[in-house]
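Single-structure report; data block below.
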Amino acid sequence: MATETADTPSAPQPVSTASAVSSAAAASDAIERRAVVKRWLLSAPALVVIIGCGLMPLLIIFAYSWTKPAEYAGVIWHFQPDAWINVLFQEDLFSDALSPNWAYYSIYLRSILIALQTTMLALIIGFPTAYFIATREERSRNAWLFLITIPFWSNLLIRIYAIMMIIRDEGYLNHALLAIGAIDQPLPIIFTNYALSYGLIYAYLPLMVLPLYASLEKLDFRLVEAGYDLYASRFKVLWHVIIPLVKPGIVAGSILVFIPAIGDYIIAQILGGGKRMMLGNLIAQQFGTARNWPQGSALALTLMAVVMLALVFYATKSQRKRAA
């Protein structure tokens, strides 16, 4: 019986483990690269807006601050650090010696103090307001928030002129006080620091109330009841329970009020009457009346540096507390 010989296929060569791992790693790297490219493409519009509308103007202002002012506005592209020197010092009229620029110092100090005062008063007024809204029934909270946000529906300039009509010498406030016999002559409120603070608080109070309300709304009020059950007074419950839990809202509201208040221009111009100049007015004056763009650029960057130092101080302090 003849044996049949058939061609049997050869067995496949085994693939090495190292090559398989290398192929899997290459495929994983390719997937990761595609994911990174996709993320960059998705974030490209936001990056273009940030660079074009935020970073580029800042770089231009920084470049202007190191140049020489032109005769009729603009700059001469010649390196000159005088703008930065004049932020702190001024040249003597009869010599080349430098002396402290006390006029600028007074404006810096006034801006910081009024911004801090506005922030503190906004917190004192805004915290009870936000607490009141957060403790209302859920169906009525939206109505209260609606009333808080109504001022934002109108232009800030119109609102400031309305305040001016109220607090001026012949305004409604003085007429009411005279009518009830509280005063004998009109109170000089307009064009004072009080008028400036009142306008700033009115303009930026909602920026304090809304973050505080967001924190108070998430507060577990069972902790407040537990504090009362442990015979704590209202002040102790407020200081040891409520305030620590809503601290993020307090910080956020304070930052949102302090930053625009220290650089405000319109309110200081109208309610201050040009007599209570703040840093924003000084910057506008350098760009407008004085036509000194390098000086205005240096002052604008100084304002930004003050705000950044305040934020860095808070961030460093918070980090140390977390580390402790």
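Return the sequence-ordered ³J(HN,Hα) values of segment 155-169 in whole Hz as given by the Karplus equation 6.51 cos²θ - 1.76 cosθ + 1.60 applied to θ = phi - 60°, using x for Gly and Pro.
Listing the rounded values in order: 5, 4, 4, 5, 5, 5, 5, 5, 5, 4, 5, 7, 9, 5, 4 Hz.
Quick query: amide H of Val75 versus all other amide H atoms, modeled in the peptide plane; which residues come in under 5 Å with a sequence gap of 5 or more or a different chain?
For Val75, the qualifying residues are Ala70.
Please report, to one decimal in angstroms, the Kirkwood hydrodynamic radius of segment 108-152 built from all distinct Cα-Cα pairs. Before the final figure, lay out each step's value.
Values: mean 1/r = 0.0822 Å⁻¹.
Hydrodynamic radius (Kirkwood, Cα only) of segment 108-152 equals 12.2 Å.
Taking θ = phi - 60°, what integer Hz values does the Karplus form 6.51 cos²θ - 1.76 cosθ + 1.60 yield along segment 59-72, in sequence order, with x for Gly and Pro?
With coefficients 6.51, -1.76 and 1.60, one gets 5, 5, 4, 5, 5, 4, 5, 10, 10, 9, x, 7, 5, 10 Hz.
Based on the Cβ-Cβ distance of Ile125 and Ala46, what FRET efficiency does E = 1/(1 + (r/R0)^6) give at R0 = 35 Å, to the nearest 0.05?
Numbers: r = 36 Å, r/R0 = 1.02.
Efficiency at R0 = 35 Å is approximately 0.45.
I need the peptides 166-179, 146-159 ranked by packing, meaning the mean over residues of other C-beta atoms within 10 angstrom, with the highest value on top.
Values: 166-179: 14.4, 146-159: 11.3.
Answer by packing, highest mean first, reads 166-179, 146-159.
About its Cα centre, what dipole magnitude does the chain give when the only charges are +1 on Lys and Arg Cβ and -1 on Asp and Glu Cβ, stated in debye to the nearest 20?
On the way: 23 positive and 19 negative charges, 125 e Å.
Around 600 debye, computed over the chain.
Full extension from Leu113 to Arg34: what is 0.36 nm times the residue separation minus their Cα-Cα distance, to one decimal in nm? All intermediate terms of the calculation are to be shown ahead of the outcome.
Values: separation 79, 0.36 × 79 = 28.44 nm, distance 5.24 nm.
Net length gain for the segment: 23.2 nm.
Which number do you get for Rg(Cα) / (2.2 N^0.38 Å) in segment 101-291? List each step's numbers first, then the result.
Working: Rg = 19.7 Å, N = 191, 2.2 N^0.38 = 16.2 Å.
Here the Cα radius of gyration is 1.22 times the empirical estimate.
Enumerate the amide H contacts of Gln90 below 5 Å, restricted to partners 5 or more residues apart or on another chain; note that Pro and chain-start residues carry no placed amide H.
Answer set, sorted by chain and number: Ser99, Asn101.
Using the Karplus equation 6.51 cos²θ - 1.76 cosθ + 1.60 (θ = phi - 60°), what ³J(HN,Hα) coupling, rounded to whole Hz, does each residue of segment 262-279 give in order, writing x for Gly and Pro?
Couplings: 6, x, 5, 10, 5, 5, 5, 6, 7, 7, x, x, x, 8, 10, 6, 10, 5 Hz.
Please provide three numbers in whole Å: the alpha-carbon extents of segment 154-239 along the principal axes, with the largest listed first.
Each principal axis gives a Cα extent; for segment 154-239 these are 54, 34, 20 Å.
Residues of segment 204-228 with backbone nitrogen within less than 17 Å of a virtual label 7 Å along the Cα-to-Cβ line of Thr135, please, listed as ranges.
212-228
Using +1 at the C-beta of Lys and Arg and -1 at the C-beta of Asp and Glu, which of Ile189, His175, Thr118 has the Cα lying farthest in the positive direction of the dipole of the chain?
Farthest towards the positive end: His175.
Could you tell me the largest-minus-smallest coordinate of the C-alpha atoms of the chain on each of the three principal axes, in descending order and whole angstroms?
Each principal axis gives a Cα extent; for the chain these are 140, 70, 42 Å.
How much length, in nm to one decimal, is gained on full extension between Tyr231 and Phe89, taken as 0.36 nm per residue of separation minus their Cα-Cα distance? Could you put the intermediate results ahead of the total?
Working: separation 142, 0.36 × 142 = 51.12 nm, distance 5.83 nm.
Extra length available between Tyr231 and Phe89 comes to 45.3 nm.
All of the numbers you see were taken from the coordinates with simple rules; none came from a lab. Here the structure is a predicted model, which is why all the values come from computation and not from measurement. Cβ atoms come from the backbone with ideal geometry, glycine included; neighbour counts cover every protein chain shown.
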